1. Select from the stretch 23-42 the residues that are assigned to a helix (DSSP H, G or I) and either among the β-branched types (V, I, T) or closer than 11 Å to G129 by Cα (or both) and write down the one among them that is farthest from the chain's Cα centre (by Cα).
2. Please find, among D79, D90, the residue that is part of a strand (DSSP E or B) and among the acidic types (D, E).
3. May I ask you to list the residues in the stretch 62-76 that are outside any strand (DSSP E or B) and under 12 Å from the mean Cα position of the chain (by Cα)?
4. Can you name the residue in the stretch 111-124 that is part of a loop (DSSP other than H, G, I, E, B) and of a type in the set (A, V, I, L, M) and is also surrounded by the fewest Cβ atoms within 10 Å (Cβ to Cβ) among such residues?
5. Mind listing just one residue for me: the one in the stretch 93-117 that is among the polar types (S, T, N, Q) and without any contact (Cβ under 8 Å) to a residue 40 or more places away in the chain and, of those, nearest to F48 (Cα to Cα)?
6. Quick one: which of A104, A127, A108, A99 is modelled with pLDDT under 85, among the aliphatic types (A, V, I, L, M) and either closer than 13 Å to A23 by Cβ or surrounded by fewer than 13 Cβ atoms within 10 Å (Cβ to Cβ) (or both)?
7. For the stretch 7-35, name all the residues that are more than 19 Å from G91 (Cα to Cα), in contact (Cβ under 8 Å) with a residue 60 or more places away in the chain and surrounded by 14 or more Cβ atoms within 10 Å (Cβ to Cβ).
8. Hey, can you tell me all the residues within the stretch 14-43 that are hydroxyl-bearing (S, T, Y) and either in contact with a helix residue (DSSP H, G or I) (Cβ under 6 Å, 6 or more places away or on another chain) or closer than 14 Å to E125 by Cα (or both)?
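The values are calculated or read from the model by the stated rules, or taken from the named source; none is laboratory data. If you're wondering where the values come from, they're calculated on a predicted model, not measured in any experiment. Counting neighbours? That spans all protein chains shown, and the Cβs are built from the backbone with ideal geometry, glycine included.
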Amino acid sequence: MSLVASCHCGATRIELPTAPLAAMECNCSYCARAGAIWAYFEPGEMKFLCEDADRVYSAGDSLNRHHFCGRCGMQTWGDSPDWASMYNLDGTPRSGEPAAVPTARIHAVNLRLVEGLDWSKVTVEQADGRNNW
């Protein structure tokens, strides 16, 4: 059975390549307001079945692109530098320069939009983006 993330009106539908076992909930100023729980996939892994009303919001630096449905407003997916490749969840650098920006990108889907997801199989980590990024 494939898992599909769908906005409220159905104008955005994204098929996941696998059932996620791990996800992240961030408390930064954007994610906390969106209420999203993110599962991460490499670019090209998610299959976009319908993007009829896709809109993009990016604050300031344009590094993090937040996609949402332009009809119903649901936060659907994101495209950002792969911050986890260089930083721990508490914001400390794994190694190297503390202000470095990763060149690799990662995609994230809002798991709250997946009907039938077995949440008992998903470990949700808490990221303190409000104080660390």
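1. Out of the qualifying residues, it is A32.
2. Exactly one of D79, D90 is part of a strand (DSSP E or B) and among the acidic types (D, E), namely D79.
3. Selection gives N64 alone.
4. Within the stretch 111-124, the match that is surrounded by the fewest Cβ atoms within 10 Å (Cβ to Cβ) is V122.
5. T103
6. Going through A104, A127, A108, A99 in turn, the sole match is A99.
7. Passing the criteria: C7, C9, A11, T12, I14, L16, A19, P20, A34.
8. Correct list: Y40 only.
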